[in-house]
Amino acid sequence: MKIRMLLALFLCAMTTVFSQEQKMSASEIADFKATVEKDTKNIKSLKTDFIQYKHLDFLAKDIETSGKMMFKTPNLLNWQYTKPYQYSIVFKNNKVYINDQGKKNTVDAGNSKMFEKINKLIIGSVSGNMFDDKEFVIAYFKTKEFYITKLSPKTAAIKKYIKQVDLYFPIQDATVSQVKLIEPSNDFTRIVFKNKVINAKIDDSAFTN
């Protein structure tokens, strides 16, 4: 009897959680896109802390890392992982600079369409400029706290690595606060941005790895 009651409570709770996410109407989508595009087009730079959660089905607990991210128009991007290890990735001048605890490596993104797509994807996720119907099938949802865009890649090259990208925009904020990258295996990476500073002065030297 107790098991049945617990199961019933669990199902009720899950129904409540999933019912909170609703599809946006055509007019809501138009207003949302217009607001995001208007507010983000004036973003010249962005600094933020982040916490990253890597979910793997075979692990009981998500792998948690944290660090700082810096973005500067048109295409300078620096991800710095500081805990529990030191690791940074810089996208600059069509190249990807990797510093793995002192071990450095450079990849020419210009010769790799995949790196080029990944760079565009990351920058778009941060700035909110992700409404490219040519690259993705986009679905729009809302909850009491967030507007959510779910992007499914159209090209086979990206589908090999990414099944879907979910972007979470707080109702009162036109910039992304969470990014969820879902892999074909349904494992996923969730990145939560904290302490965002928009249009802070960032020297180009910050993008030297």
>> Condition check: within 19 Å of Leu46 (Cβ to Cβ), assigned to a strand (DSSP E or B), at pLDDT 80 or above and not β-branched (Val, Ile, Thr). Does Leu151 satisfy that?
In response: no
> So which of Thr35, Thr48 is under 24 Å from Tyr147 (Cα atoms), at pLDDT 90 or above and either not charged (D, E, K, R) or not in a loop (DSSP other than H, G, I, E, B) (or both)?
Replying inline: Thr48
> Can you tell me how many residues in the range 25-76 are closer than 24 Å to Ile182 by Cα, surrounded by 11 or more Cβ atoms within 10 Å (Cβ to Cβ) and basic (Lys, Arg)?
Replying inline: 3
> Only one of these conditions is not met by Ala26: (1) at pLDDT 95 or above; (2) touching a Lys or Arg at 6+ places or on another chain (Cβ under 8 Å). Which number is it?
Replying inline: (2)
> Got a sec? Which of Lys117, Lys144 is among the basic types (Lys, Arg) and modelled with pLDDT of 90 or more?
Replying inline: Lys144
>> Please go through the range 100-111 and give me each residue that is assigned to a strand (DSSP E or B) and closer than 16 Å to Ser66 by Cα, ordered by number.
In response: Asp100
> Could you list, in sequence order, the residues of the range 16-63 that are closer than 21 Å to Tyr87 by Cα and touching a strand residue (DSSP E or B) at 6+ places or on another chain (Cβ under 6 Å)?
Replying inline: Leu46, Lys47, Thr48, Asp49, Phe50, Ile51, Gln52, Tyr53, Lys54, His55, Asp62, Ile63
> If you take the residues in the range 187-196 that are touching a Leu at 6+ places or on another chain (Cβ under 7 Å) and not polar (S, T, N, Q), which one is surrounded by the most Cβ atoms within 10 Å (Cβ to Cβ)?
Replying inline: Phe188
> What number of residues within the range 176-201 satisfy the criterion of being in a loop (DSSP other than H, G, I, E, B) and over 17 Å from Phe50 (Cα atoms)?
Replying inline: 7
> Mind checking which residues of the range 167-192 are under 23 Å from Ala60 (Cα atoms) and within 14 Å of the chain's Cα centre (by Cα)?
Replying inline: Gln178, Val179, Lys180, Leu181, Ile182, Glu183, Phe188, Thr189, Arg190, Ile191, Val192
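The values are calculated or read from the model by the stated rules, or taken from the named source; none is laboratory data. The model shown is predicted, which means the values in this text are computed figures rather than measured ones. With ideal geometry, Cβ positions are generated from the backbone for all residues, glycine too; neighbour counts draw on all protein chains shown.
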